[in-house]
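Reading through the structure tokens given below for one structure.
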Amino acid sequence: MSVSSNMIQKAETAWGGTPPDWVAELARLATSKGLRVCAQRIGYSQTTISLTLTNKYPGDLSKVEEKVRG
């Protein structure tokens, strides 16, 4: 099983069940395309994507949300 195949489950666990809709979308993208592609699409690093999905990102989540929502 690849690292990204668990992203939806990791997000659900980290966010206490149901993550915000934009985090769920980010997790779906990371699961289907991988962290690298996901990061390239929204213009953030793979580390930022991973930390966001696991609810540990110390930066401004509203900026990440803005990129995910387009």
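The values are calculated or read from the model by the stated rules, or taken from the named source; none is laboratory data. Just so it is clear, the model here is predicted, and its values are computed rather than measured. Because the Cβ atoms are built from the backbone with ideal geometry, glycine has one as well, and the counts that use them run over all protein chains shown. Ligands, DNA and RNA are stripped out before the accessible areas are found, and what is left, the full protein with its side chains, is counted by its heavy atoms. Shrake-Rupley method; radii C 1.70, N 1.55, O 1.52, S 1.80 Å.
Couple of notes before you dig in:
- Net +/- balance of residues flanking Ala39 in space, Cβ distance below 13 Å, scoring K and R +1, D and E -1: +4
- Entry note, the chain: relative contact order of 34 percent, from Cα contacts under 8 Å with a spacing of 6+ residues.
- Residue-count net charge about Trp22 - beta-carbon cut-off 15 Å; Lys, Arg +1, Asp, Glu -1: -1
- Relative contact order of the range 26-65, defined on C-alpha pairs under 8 angstrom at six or more residues apart (%): 31
- For the chain, with +1 on Lys and Arg beta carbons and -1 on Asp and Glu, the positive-most of Leu61, Gln40, Gln9 along the dipole: Gln40
- Surface share of carbon and sulfur [accessible, 1.4 angstrom probe, percent] for the chain: 48
- Working note: Debye formula, equal point scatterers on the alpha-carbon atoms of the chain, no solvent; log10 I(q)/I(0) at q = 0.21 Å⁻¹ is -0.77.
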